[in-house]
Structure formats: C-alpha cells, structure tokens
Amino acid sequence: MAATTSKAKKTGKKAKPAAKVETQKAWSGRHNYSLNSDTVLRDVYRLLNVVMADEAIARLATARGDVLVDLRDQFVEDELVHLLISTAIMNRSHDDHMDGPRNDAAELSFAPVALACGRLVTDVGGTKEDDIELTFREACNKIIHAEHITVETQKAKNAAFQFLPTTVQLRGTLRKKPWVAFVDVPNYVRATLMNFRDLR
C-alpha cells in the first residue's frame, strides 16, 4: 500500500480504491447452499399419484387388453423405484443440511421431522429380531440402501389388474443381518413436506 501511495504522489493522481468483492451470504443450514424444494416436492407429488392412482386406473380399464393398462405397465415400476430413490437422496441431504439448526435447543425456527413413515423389522429371523417404528430419516436410509424394492399388490372386484398398495416393502442387510422396512408412502410424502418447509 505504501508503494502505491508514493507512486500516486509522484504522478499527481489519486490511488484507486480496492475493488469491492461481493460475498454470498451464508445460508441458515450447515453449508452455504440450498436445495430446490419445488423439484423435490414435485417428485413426491408424482410418487403419491403413482401409488394412489393405480387402483383408479385398474377400475377404469375395461379389460387386461385396455391401452390404459399397457401405459401403466410400461411406466409404473420405473416411476415408483426412481421417485422413491431420488426423493430419499434429496430428503437425506437436506436433513443433514439442517441438522445443526434443528437440533439446537436455542433455535425455535426449525423443528426435526418427527412423523413415522412405517415399520422396520431388524435382524429378521435372528435371535435379536425386533419390530420398531420407521423414522423419516431411517426411511430415507433404507430406501437408498435397499437391495430389493417390492410391493404386495391388491386385488379388487372389477379391477383389470392387481394394483399398488400404499405401502412399499424394502429388503436389505446391515452388518450381514437382514432387515425389512415397510414404507407408508402417504406418510413419507407428508414427512417430505415437513422436511422442506424451511424453504417455503
């Protein structure tokens, strides 16, 4: 700075002030970024519709050969699996992101997501088998790490096909011990809305 001042005196010109550098204001989460909540909420809305509309399509279709059935069969499994996994990843990422504020006793603006999303059976068939509540965070973990994603389809009179239930079954292992999770899709969607309410 002294050299710049000396040079300015010799030339008779005023020294230029240092350029002002704009910095991004840190977000309220643990890191300085935020996820696009609209993207996630649109996906869980699609997920809810995939599950809840399946019975309506089964009853609307006139027979197994109906083109509506063909359309449903083409996309239903892919939509269900991909929407579950993609929303679980975003939910888990945002839950990590908000871990600090949500677990700060002095911070009243942010609350952890406490809604249960189904049931979890651990150590299936083992000596320590246990049936416990499936928390929202653990539901996200199980969706992400599941080795199998299945459903027990339901039958109904005058339905063209067996349709999706509101519960999805996940199977996997943790430390070589098998587990089964039963995800209540409507509650998972509700919990997602709660998870991203900080950005609304």
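The values are calculated or read from the model by the stated rules, or taken from the named source; none is laboratory data. This is a predicted model, so every value here is computed, not measured. FYI the Cβ positions are ideal-geometry reconstructions off the backbone, even for glycines, and counts take in every protein chain you see. These accessible areas exclude ligands, DNA and RNA; they are computed on the full protein's heavy atoms, side chains included. Shrake-Rupley method; radii C 1.70, N 1.55, O 1.52, S 1.80 Å.
Lysine pair count for the stretch 42-200 with Cα-Cα distance under 16 Å and sequence separation of 8 or more or different chains is 4. Rounded to the nearest 20 debye, the dipole size of the stretch 107-188 about its Cα centre is 300 debye, using +1 on the Cβ of Lys and Arg and -1 on the Cβ of Asp and Glu. Restricting the GluC sites (Glu not before Pro) of the stretch 103-184 to loop positions (DSSP other than H, G, I, E, B) with no more than 11 neighbouring Cβ atoms within 10 Å leaves Glu147, Glu152. Shape of the stretch 139-194 from its Cα gyration tensor (a ≥ b ≥ c, root eigenvalues): rounded if a/c is under 1.5, otherwise prolate when a/b > b/c, or oblate? Oblate. Projected over all directions and averaged, the alpha-carbon convex hull of the stretch 48-200 occupies 11.1 nm². Ranked from largest to smallest solvent-accessible area, with a 1.4 Å probe on the protein heavy atoms, Met90, Met52, Met98 come out as Met52, Met90, Met98.
Exposure check, 1.4 Å probe, all protein chains in place: Arg137 carries approximately 90 Å² of accessible surface.
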